[in-house]
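One structure is given below, encoded as structure tokens.
The values are calculated or read from the model by the stated rules, or taken from the named source; none is laboratory data. Only a predicted model underlies this, so the values are computations on that prediction, with no experimental measurement involved. Positions of Cβ are generated from backbone atoms using ideal geometry, with glycine treated the same way; all protein chains shown enter the neighbour counts. To get the accessible areas, we keep the full protein, side chains included, count just its heavy atoms, and leave off ligands, DNA and RNA. Shrake-Rupley method; radii C 1.70, N 1.55, O 1.52, S 1.80 Å.
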Amino acid sequence: MWHYAGRDTAIDLGSATVRMHVEDRGVVCREPSLLARSRRTGAILALGAPALRMVGRDPDVRLVRPIREGAPTETDEAEYLMRQLVRIHHRRRLMARPRLVITVPSGMTSVHYRALQFSAYQAGVRRLTVVPTPIAAAVGMGMTGRGHEIAVIADIGAELTDVGVIAFGGLVTSHTAAVGGADLDRAIIALVKREHGVDLSAEAAEAAKIAVGTVPTLGRHAVRRTVVDGRDLQSGLPRRLILTTSDVQRAIEGPVSRIVEAVHQGLRGCTPEVAGELLAVGITLTGGTSRLPGLEKLIQERTGLGACIGDASGDAAVIGAARVQRTNDSQKPARDVTPHPRLLRTVPQP
Ligand SMILES: Nc1ncnc2c1ncn2[C@@H]1O[C@H](COP(=O)(O)OP(=O)(O)OP(=O)(O)O)[C@@H](O)[C@H]1O
Ligand SMILES: [Mg+2]
């Protein structure tokens, strides 16, 4: 394969994390999908983890999250993010014009679709292909080959829950809901404000969720405690608090129910032929929020289907997208991958 213009690249453009896979090199980056911009000059100062470290410390720094609900909402910044990541991870930095495949929410609107198309081609991409996240995740987890005729994937990320029922490599039905881990963080911030009069940063709320969070009401979980630092709303001074598992459970009850409802909704459009088989295959969870302890049990209880975490690393979608690109390329599908041709859209340059 001639790599002069850049190796084939796959990107999972998540609202919280952007992951990139480069042909023959594997997953080369997992960066927070954000940029730091100077308020004064408008210049972009940092990208990814370094940008996150700048926030709240320098008054000149404004944090920009260019990807909301799985689509570029700030097209200039999204373009910069893609261009920089391609340059950093391709050795022919300024010349890199790779073929790119991007995972997209299965319910992406045409407006977001055009924004993505614009940002990717502006970033120097030679050819753009998009693949719905549930399909990419299923391919990445090896769930579309022989013996896996049907699969149900629920990708529960930071801002989206994307549920797809896949039969023979194609989507039978899907549902995308704007709810995810960021809603749990916001619910924790609201509870702490209401009950303790303390303002928490989104990062502190997320850390508390990961440290002691579990799904409410199901079974018994050991009560754990975590320390969080925030700002007292009355005095304006720093204040330290202890949050327990039950505080976090109480806070996140609402958004957790919305996530489970989204999974339920995703199954409703199934044809009766496929519905019967779902009992045997169950639901495979991917995405960071699927790691919330007890979530798979709650989904299992509410839907009556088995549920398990299929991908603890979060890389399944980007690995699957890269595999889809290879399969599409060789024209004759590899034996273990049978993506549906209608769902792999090569997007023309605008
Ligand atoms: N152990 C954990 N327990 C609970 N939540 C977690 C855990 N680890 C990560 N998360 C949450 O998962 C979310 C990030 O997941 P992921 O990387 O799949 O999102 P994304 O792909 O960037 O977003 P989206 O797919 O919604 O655009 C964050 O909200 C994070 O707080
Ligand atoms: Mg995601």
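Whenever a residue of the range 105-131 is in the same structural domain as residue 15 (by TED's automatic domain parsing), its partners that are crowded, with 18+ Cβ neighbours inside 10 Å and of a type in the set (Phe, Trp, Tyr), lying with C-beta atoms within less than 8 angstrom and at least six residues away or across chains, give the pairs 123/80; 128/121. Residues in the range 149-185 that are within 12 Å of ligand 2 (Cβ to nearest atom), closer than 20 Å to residue 268 by Cβ and more than 10 Å from the chain's Cα centre (by Cα): 3 in all. You will find that of 48, 56, the residue that is open to solvent by 60 Å² or more (accessible area, probe 1.4 Å) and either among the aliphatic types (A, V, I, L, M) or farther than 30 Å from residue 274 by Cβ (or both) is 56 and no other. A single entry from 192, 198, 212, 172 fulfils the requirement of being within 24 Å of residue 297 (Cβ to Cβ) and of a type outside the set (D, E, K, R): 212.
Only one of the numbered conditions (1) within 13 Å of ligand 1 (Cβ to nearest atom); (2) open to solvent by 10 Å² or more (accessible area, probe 1.4 Å) is not met by residue 161, and that is (2). Checking each residue in the range 105-122 for being open to solvent by 10 Å² or more (accessible area, probe 1.4 Å) and of a type in the set (A, V, I, L, M) picks out 108, 111, 115.
Select from the range 17-29 the residues that are at pLDDT below 95 and either crowded, with 18+ Cβ neighbours inside 10 Å or of a type in the set (D, E, K, R) (or both) and list them in ascending order. Listed by number, the residues that qualify are 22, 23, 24, 25.
Residues in the range 50-109 that are within 16 Å of ligand 2 (Cβ to nearest atom), farther than 19 Å from residue 30 by Cα and of a type in the set (A, V, I, L, M, F, W, C): 108 alone. Residue under question is residue 73, and the condition is that it be at pLDDT below 90, open to solvent by 20 Å² or more (accessible area, probe 1.4 Å) and under 19 Å from the mean Cα position of the chain (by Cα); does it hold? Spelling it out, it is not the case that residue 73 is at pLDDT below 90, open to solvent by 20 Å² or more (accessible area, probe 1.4 Å) and under 19 Å from the mean Cα position of the chain (by Cα).
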